[in-house]
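**Q** Pasting a structure below so you can have a look.
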Amino acid sequence: MASDINYASWPRHVARHIDVGDQKQLFLDDGFLVERAEGIRYVMHQPVKHPHNPLLVPDMPWELQVQLYGSVLWDEEDQTYKMWYTNRTCKYGKDSAVIMAYATSEDGLNWKKPALNILPHEESAKTNLLLDPGPGGSGGVCVLKTPDEKNKKYKMLYKTIEEGGGLKVAFSPDGIHWTKHPKTVLPGVFDTFNVAVQDNDKYVAYVRINQRPRKRHRALGRIESEDFIHWTTPTIVLKPDERDPEDTDIYTSAAFKYPQADYAYIMMPSLFDWRTGKLQVQLATSRDNAHWNRAGNREIFIPLGEPNSYESEEIMVGAPSVVKDQIHIYYHGSNRPHWNGMGRPFKEKSGIGLATLRLDGFISIDAGEKPSGGTITTVPIQFSGTHLEINADATWGEIRVEILNDTNEVIEGFDRLSCQPVIGDSVRHRVSWSGGDVRTLIGTTVKLRFHILCARLYAFQFKTKHP
């Protein structure tokens, strides 16, 4: 495993090394891993929307609108996709009451809303409704599955308006039958979707903060807890700035710890434009789960749909997940401007859709057809794996890797010509040299130099060979 490094305070490009161990390293566009680059560019990749979207729509008598102010998990233990989402209903005599609902799927595409005997709705005794926060409803629900005591295997963080509002938590042995914690765990407004992640030995949540003055007043705060009940005071970690239009708020985070790589945290924040009412998704990255940078020159990460489609005016992402060799990004969309729906019947279209990326596919380092393509040289690293793998698309070109010592001299046997060219498209290309074995370099300080010709590079990893 890599050592615990404070990436935010660690000066770049200095004479010290990063211990990458046998963990995957993503090339996020902060340039942290790169000491020198020539002829390359960082490219953010938009996920591909599923052609059958929306996959889940409001088709039950108690559903006026479905929203993924919630979570979707691939449950390895049960071999099932599980979704906790919010449902706007007419309960309490108004159109904006929000109750939490549940759906399952075997393939992540075809969803079932099980008839649970938990919360009835009018003449329907059995519904898929799970938890009623009360007359004020809830702005969203985040569910984690953790290796915890039996009755708290599933943990829920949600926001409510009743009893003065604030953040609340609930626990469940199966993700269906929930026991609310009796007290508000953190008072405050925390409007809309708040996301919790498990980060090593603690929990971290990203919550909505309403600042003043009105312009650019919504931002994202960060809180921590050791037990999911006692939380720290929020610290703002992402907010609109001078590069954003004046009438812009950061609305939701969709933050998660990327499980496939070391020190890689991802957000997919939705930005709200007060002028148009649109909500659009960007991409943000972090190395330490505390200091965040918006990626891809702040371009749109998931574009809105065609006019009058179910996603033409707003998109908000639930917490993403990694399933096999794909990143699954479930999101909800609507064809109403966000400020134009309160206080009137929900006749607009809404639904929950899916977009996917290749494994590690957020950002790549690309090089084109210049005579020698492009190169990147990493900062000094140490590793413990037994062989090098890269995630790369070299369908129309090739990638070669050479290994340098800490004085920038190519190590004998690991030069460019000795490297077998990596060609084709794979998330697990194995890199080899005719004159060297990387096991002889374990524990020494080295640099990697990637020679990229008409190809794109997403990640690298010194993997440990298992028998």
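The values are calculated or read from the model by the stated rules, or taken from the named source; none is laboratory data. A quick note: this is a predicted structure, and the numbers were derived from the prediction, not measured. Ideal geometry is used to build each Cβ from the backbone, glycine not excepted, and the neighbour counts take in all protein chains shown.
**Q** Here are 356, 386, 378: which of them is modelled with pLDDT of 90 or more, touching a His at 6+ places or on another chain (Cβ under 7 Å) and more than 30 Å from residue 61 (Cα to Cα)?
**A** Unique residue meeting the criteria: 356.
**Q** From the set of residues in the range 199-223 that are modelled with pLDDT of 90 or more and over 26 Å from residue 98 (Cα atoms), which is farthest from the chain's Cα centre (by Cα)?
**A** Taking the candidates together, the pick is 202.
**Q** Against the definition (under 30 Å from residue 330 (Cα atoms) and assigned to a loop (DSSP other than H, G, I, E, B)), how does residue 413 come out, yes or no? Explain how you work it out, then say what you get.
**A** Numbers: under 30 Å from residue 330 (Cα atoms): no; assigned to a loop (DSSP other than H, G, I, E, B): yes.
For residue 413, the condition - under 30 Å from residue 330 (Cα atoms) and assigned to a loop (DSSP other than H, G, I, E, B) - is not met.
**Q** Which of the residues belonging to the range 233-249 are under 14 Å from residue 190 (Cα atoms) and either touching a helix residue (DSSP H, G or I) at 6+ places or on another chain (Cβ under 8 Å) or free of Cβ contacts under 8 Å to residues at least 12 places away in the same chain (or both)?
**A** 233, the sole residue that qualifies.
**Q** So, in the range 366-406, how many residues would count as being part of a strand (DSSP E or B), among the polar types (S, T, N, Q) and over 18 Å from residue 21 (Cβ atoms)?
**A** The total comes to 4.
**Q** Which one of the conditions (1) within 17 Å of residue 40 (Cα to Cα); (2) among the aliphatic types (A, V, I, L, M); (3) exposed (fewer than 15 other Cβ atoms within 10 Å of the Cβ) does residue 417 fail to meet, given that it meets all the rest?
**A** Unmet condition: (1).
**Q** Take residue 48 and decide whether it is closer than 20 Å to residue 305 by Cβ, out of contact with any Lys or Arg (no Cβ under 7 Å at 6 or more places or on another chain), of a type outside the set (Lys, Arg) and surrounded by fewer than 20 Cβ atoms within 10 Å (Cβ to Cβ).
**A** So residue 48 passes the test.
**Q** Would you be able to tell me the number of residues in the range 186-236 that are under 20 Å from residue 73 (Cβ atoms) and among the aromatic types (Phe, Trp, Tyr)?
**A** 4
**Q** Within the range 26-55, how many residues are part of a loop (DSSP other than H, G, I, E, B), touching a residue at least 24 places away in the same chain (Cβ under 8 Å) and within 25 Å of residue 329 (Cα to Cα)?
**A** 12
**Q** Looking only at the range 281-288, decide whether some residue is farther than 30 Å from residue 78 by Cα, assigned by TED's automatic domain parsing to the domain that holds residue 66, touching a Gly at 6+ places or on another chain (Cβ under 6 Å) and in a loop (DSSP other than H, G, I, E, B).
**A** Start the filter on the range 281-288 by keeping residues that are farther than 30 Å from residue 78 by Cα, which leaves 281-288.
This time we only want the ones that are assigned by TED's automatic domain parsing to the domain that holds residue 66, so: 281-288.
Filter again for touching a Gly at 6+ places or on another chain (Cβ under 6 Å), leaving 283.
Narrowing further to those that are in a loop (DSSP other than H, G, I, E, B): 283.
So far as the range 281-288 goes, yes, one or more of its residues are farther than 30 Å from residue 78 by Cα, assigned by TED's automatic domain parsing to the domain that holds residue 66, touching a Gly at 6+ places or on another chain (Cβ under 6 Å) and in a loop (DSSP other than H, G, I, E, B).
**Q** Out of everything in the range 270-313 that is surrounded by fewer than 18 Cβ atoms within 10 Å (Cβ to Cβ) and among the β-branched types (Val, Ile, Thr), what residue ends up being farthest from residue 194 (Cα to Cα)?
**A** 276
**Q** Could you list, ordered by first residue, the pairs with Cβ atoms under 6 Å in which the first is in the range 424-453 and free of Cβ contacts under 8 Å to residues at least 40 places away in the same chain and the second is part of a helix (DSSP H, G or I), at least 6 apart or interchain?
**A** none
**Q** Which condition from (1) in a loop (DSSP other than H, G, I, E, B); (2) in contact with a Phe, Trp or Tyr (Cβ under 9 Å, 6 or more places away or on another chain) is the one that residue 60 breaks?
**A** For residue 60, the exception is condition (2).
**Q** Looking only at the range 427-444, which residues are surrounded by fewer than 17 Cβ atoms within 10 Å (Cβ to Cβ) and either under 29 Å from the mean Cα position of the chain (by Cα) or within 17 Å of residue 21 (Cα to Cα) (or both)?
**A** Those that are surrounded by fewer than 17 Cβ atoms within 10 Å (Cβ to Cβ) and either under 29 Å from the mean Cα position of the chain (by Cα) or within 17 Å of residue 21 (Cα to Cα) (or both): 428, 430, 437, 439, 440, 442, 443, 444.
**Q** Here's another thing I want to ask about it. Among the residues of the range 348-365, is there at least one that is assigned to a loop (DSSP other than H, G, I, E, B) and surrounded by fewer than 18 Cβ atoms within 10 Å (Cβ to Cβ)?
**A** No: the range 348-365 contains no residue that is assigned to a loop (DSSP other than H, G, I, E, B) and surrounded by fewer than 18 Cβ atoms within 10 Å (Cβ to Cβ).
**Q** State whether one or more residues within the range 250-269 are more than 22 Å from residue 363 (Cα to Cα), in contact with a helix residue (DSSP H, G or I) (Cβ under 9 Å, 6 or more places away or on another chain), in a loop (DSSP other than H, G, I, E, B) and in contact (Cβ under 8 Å) with a residue 24 or more places away in the chain.
**A** The answer is no, given that none of the residues of the range 250-269 is more than 22 Å from residue 363 (Cα to Cα), in contact with a helix residue (DSSP H, G or I) (Cβ under 9 Å, 6 or more places away or on another chain), in a loop (DSSP other than H, G, I, E, B) and in contact (Cβ under 8 Å) with a residue 24 or more places away in the chain.
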